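Worksheet for the structure shown next.
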Amino acid sequence: MKHLLKLMDWSAGEIIETLDLADKLKKEKKAGVPHHILAGKTLGMIFSKSSTRTRVSFEVGMYDLGGSALFLSSHDLQIGRGEPVQDTARVLSRFLDGIMIRTFEQAEVEALAEYGSIPIINGLTDYCHPCQVLADLMTVREHRGSLAGNKLCFVGDGNNMANSLIVGGIKTGMKVAIACPSTHKPDAALMKWAAENGDFTCTESVLDAAADADVLYTDVWASMGQEGEAEERKRAFAGYQVNDAVMAVAKPDAMVLHCLPAHRGEEITAEVFEAHAGDIFDEAENRLHAQKAVLVRCLGE
């Protein structure tokens, strides 16, 4: 039984095989070739955090694969009224073939896997966002032909996106540079691992991190659950923006990616966003294809 709890759990080979499968499934969908690999399977989707891309891509993905998806708001489940996650895991394992969960605590995802008997897929936690990064890697490979040797620069909060980009980038041979304030760094253990296993830097200088970058990436300054910190974060991240000055030091043909939603004028200027909208919305579309590949690998094998 295969879970996707965090990218660190998957080998480089498993990541590349998943990207290869995502490419194949995308090609088949574009050609109108049905691939009902998960016919008769049902995915439960638990949402403690709101979603656009995660919900739609998983729901459409299961439909494309011949299965079905069931939306489960945490407000409607007994877990929202205090039922232990281990009991929820054991009950849902009797009904479903797999669970995708989008929540706050990584421990909740890990507990579902520990106590359940079906595959668990992490749709997002405050610690990591593996499904998004698989779509990101898929998009970079589509546009640049390969991953290894390309430099990825992330600008902004050392959050779940930064954590997962570090792991995904290093495991696939990319150079990874993070630009963030000293008060908002990525997970220390992940940074130590990255420095020992690849070409990794973390700096407070946006221009140093972005120098000769093939891919520039950013995310909102205040994620879900941090709305009360929005003003403090605006002050902390002032200057941590993908703009013309940052683009000028990157490679001339550098891509720009954003996991969305985007706050134009904060983490990215409207001009840079629109100039690279093709990259960004290819990335958003690839959430569907990458997550279908994850579903096949977890529920179909």
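Does residue 240 qualify as being at pLDDT 95 or above, surrounded by 13 or more Cβ atoms within 10 Å (Cβ to Cβ), in contact with a Gly (Cβ under 8 Å, 6 or more places away or on another chain) and not in a helix (DSSP H, G or I)?
For residue 240, the condition - at pLDDT 95 or above, surrounded by 13 or more Cβ atoms within 10 Å (Cβ to Cβ), in contact with a Gly (Cβ under 8 Å, 6 or more places away or on another chain) and not in a helix (DSSP H, G or I) - is met.
Within the range 65-81, count every residue that is outside any loop (DSSP other than H, G, I, E, B) and on the phi > 0 side of the Ramachandran plot.
Selection size over the range 65-81: 0.
Only one of 188, 179, 195, 209 is within 22 Å of residue 131 (Cα to Cα), modelled with pLDDT of 95 or more and not charged (D, E, K, R); which?
When all the criteria are applied, what remains is 188.
Somewhere in the range 151-165, is a residue β-branched (Val, Ile, Thr), touching a strand residue (DSSP E or B) at 6+ places or on another chain (Cβ under 9 Å) and not in a strand (DSSP E or B)?
For the range 151-165, residues β-branched (Val, Ile, Thr), touching a strand residue (DSSP E or B) at 6+ places or on another chain (Cβ under 9 Å) and not in a strand (DSSP E or B): absent.
How do the pairs read when you match residues in the range 21-47 that are at negative phi with residues anywhere that are of a type in the set (Gly, Ala, Ser) and surrounded by fewer than 19 Cβ atoms within 10 Å (Cβ to Cβ), using Cβ under 7 Å and keeping only pairs 6 or more apart or on different chains?
Going by the 7 Å Cβ cut-off, the qualifying pairs are 36/66; 37/66; 37/300; 38/66; 38/300; 39/66; 42/68; 47/73.
Exactly one condition in (1) under 24 Å from residue 261 (Cα atoms); (2) among the aliphatic types (A, V, I, L, M); (3) in a loop (DSSP other than H, G, I, E, B) is not met by residue 62; state its number.
Of the numbered conditions (1) under 24 Å from residue 261 (Cα atoms); (2) among the aliphatic types (A, V, I, L, M); (3) in a loop (DSSP other than H, G, I, E, B), the odd one out for residue 62 is (3).
Across the range 69-98, what is the number of residues that are in contact with a helix residue (DSSP H, G or I) (Cβ under 6 Å, 6 or more places away or on another chain) and either buried (at least 16 other Cβ atoms within 10 Å of the Cβ) or not assigned by TED's automatic domain parsing to the domain that holds residue 45 (or both)?
Number of matching residues: 8.
The values are calculated or read from the model by the stated rules, or taken from the named source; none is laboratory data. No experiment lies behind these values; they were computed from the predicted model shown. In this analysis, Cβ positions are derived from the backbone assuming ideal geometry, glycine residues included, and neighbour counts consider all displayed protein chains.
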